[in-house]
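Notes follow the structure.
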């Protein structure tokens, strides 16, 4: 048993390196990287590099949706796709300059019909008991009815499946209220969730207030600054390893999630799990395209991450 990756708002991801990118100019794009994407697909891709296969579930529509589904199959990913005909699955563009600074242009994607939402939840309920964990990652699909994320939590719990979320806004609040067991978000998403400025003490405070609803782990990443994680094992700080160079940080948070899931599923202690997650994020920063890590490199960087319990 392993993890099911829920990436509701699947996309066609296009990444291109434009060394001297600036607004107001015309650029001819050479060698773009075009892949099925969304945060969850990135997580599944990084997990594969660690040696763990994880299927992907989500919505797809139109010609783009057929391309996504077909390309996932060609890559060898098992996918549970709920198709609908309400428009085209989104396209997301990432431009990377010579310093590794990125500019993202992300479409929202089409509203998902109510019938497709119901069909997906039914499919998810049948899948959840087959997995130890379900990671729900990425942008919320348009048109999802209120209660959709709460239903994911309840159906996973009914199947004995641990849930961890990497999303934001009302969807995240709904999942937490319903009893989500894990959350991995960035600093901005944390501040949006709690309506206050970020601090390690705030992370611990928010975790304590949500623990009675079932929360077991709250992880807040902050780019190249330390990650703070509150859990049943206390409050932890993880300082990422230093990088001599940076190609692109896009997808680093998704690779962090992959490392965390791998450690969780393999019974690593919490500190070792945070080290692996930090190492995976660092490895991702040295490639163009999200979710691409090198396993030996990630393991080496994991040893360089400074993880300590601080509370």
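The values are calculated or read from the model by the stated rules, or taken from the named source; none is laboratory data. Since the model is a prediction, treat every value here as computed from it, not as a measurement. Virtual Cβ from ideal backbone geometry, glycine too; neighbours counted across all protein chains shown.
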* Restricting to segment 125-152, what's the tally of residues that are more than 17 Å from the chain's Cα centre (by Cα) and in a helix (DSSP H, G or I)? -> 9
* Asked: Which of the residues that make up segment 51-64 are over 12 Å from residue 137 (Cβ atoms), touching a helix residue (DSSP H, G or I) at 6+ places or on another chain (Cβ under 7 Å) and crowded, with 20+ Cβ neighbours inside 10 Å?
  -> 59, 60
* Asked: So which of 160, 100 is within 29 Å of residue 16 (Cα to Cα), in a loop (DSSP other than H, G, I, E, B) and out of contact with any strand residue (DSSP E or B) (no Cβ under 6 Å at 6 or more places or on another chain)?
  -> 100
* Asked: Out of curiosity, is residue 165 assigned to a helix (DSSP H, G or I) and either surrounded by fewer than 17 Cβ atoms within 10 Å (Cβ to Cβ) or modelled with pLDDT of 95 or more (or both)?
  -> no
* To do: List the number of the failed condition for residue 7; all other conditions in (1) crowded, with 23+ Cβ neighbours inside 10 Å; (2) more than 16 Å from the chain's Cα centre (by Cα); (3) in a strand (DSSP E or B) hold.
  => (2)
* Asked: Quick check, is residue 30 at negative phi and in contact with a strand residue (DSSP E or B) (Cβ under 6 Å, 6 or more places away or on another chain)?
  -> no
* **Pairs with Cβ under 6 Å, 6+ apart, first in segment 250-268 and over 11 Å from residue 293 (Cα atoms), second part of a helix (DSSP H, G or I)** => 257/43; 260/273; 260/277; 262/50; 263/273; 263/276
